[in-house]
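Trainee: Before we start, here is the structure in question, set down as structure tokens.
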Amino acid sequence: MPGHARELTFSTQHRLPLLLDAERAAWVIGAIDRARSIHRFRVLAYVVMPEHVHLLVLPCAERPEIAPVLKSIKQGVARRAVRRLKMDRPDLLGELRVGRPGGRVEHRFWMQGSGYDRNLTSAASVRAAVEYIHANQVRRGLVERVTDWRWSSAGWYAGMTDQPIEIDPIG
């Protein structure tokens with residue numbers, strides 16, 4: 001809906017920890033930043049976890065469509081990652097392999113479908129979503145403090161200046 005923030009979550013194929021690699025995590029963040037200008041949305045919060053991404057956006061379009069946003073983010077990352085895995089980690093390709101009609105084979109980096117998508121209609125629900133997103137890496141035991149995880153907007157909220165992308169202020 002117009003004017004509502006959207007909480008999005010999407011996962012790697014079979015929830016494999018393919019985003020634990022710093023280069024791939026950086027690709028995701030770069031793709032989010034590029035998609036923001038193409039599809040006109042504000043980035044309110046994000047975290048790139050080893051096997052999934054949480055993203056909180058506020059679309060600027062009157063009739064926002066999330067599918068093109070997700071395609072912009074996921075497609076380029078998937079192509080780059082599969083190319084790199086073919087060179088560096090061909091052992092992982094078997095787990096990403098998907099048979100297509102006619103015997104064609106492709107490698108699926110992201111789980112099929114749009115993932116989780118929820119409208120947030122109040123300021124309180126947006127704040128709660130930001131807190132949930134930023135606590136993800138601590139709940140999982142990956143770090144002790146939310147700001148210790150490089151692949152999150154928590155550092156931006158804490159006033160740290162060396163962040164992968166700038167966050168759009170809430171409100």
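Here, each number is a calculation from the coordinates, and none is a lab measurement. Everything numeric here is computed off the predicted structure, so don't read it as measured data. Glycine gets a Cβ as well: all are built from the backbone with ideal geometry, and neighbour counts include every protein chain shown.
Trainee: Residue 97 to residue 75: extension gain in nm, 0.36 nm per residue of separation minus the Cα-Cα distance?
Mentor: Between residue 97 and residue 75, full extension yields 6.3 nm more.
Trainee: Suppose R0 equals 22 Å; then what is the FRET efficiency for residue 61 and residue 33 from their Cβ-Cβ distance, rounded to the nearest 0.05?
Mentor: With R0 = 22 Å, the Cβ-Cβ based efficiency is 0.80.
Trainee: Per residue of the chain, what 222 nm ellipticity follows from adding -39500 (n - 2.57) for every DSSP H run with n ≥ 4, rounded to the nearest 500? Could the numbers behind the result be given before it?
Mentor: Working: 5 runs with 69 residues, N = 171.
Here the helix-only value at 222 nm equals -13000 deg cm²/dmol.
Trainee: A further question on this structure: If Rh is defined by the Kirkwood formula over all Cα pairs and Rg also comes from Cα, what ratio Rg/Rh do you get for the chain?
Mentor: 0.98
Trainee: For a Förster distance of 25 Å, can you work out the FRET efficiency between the beta-carbons of residue 158 and residue 23, rounded to the nearest 0.05?
Mentor: Efficiency for this residue pair is about 0.55.
Trainee: Once amide H atoms are placed 1.01 Å from N in the peptide plane, what residues at a sequence separation of 5 or more from residue 12, or on another chain, have their amide H within under 5 Å of its amide H?
Mentor: 52, 111
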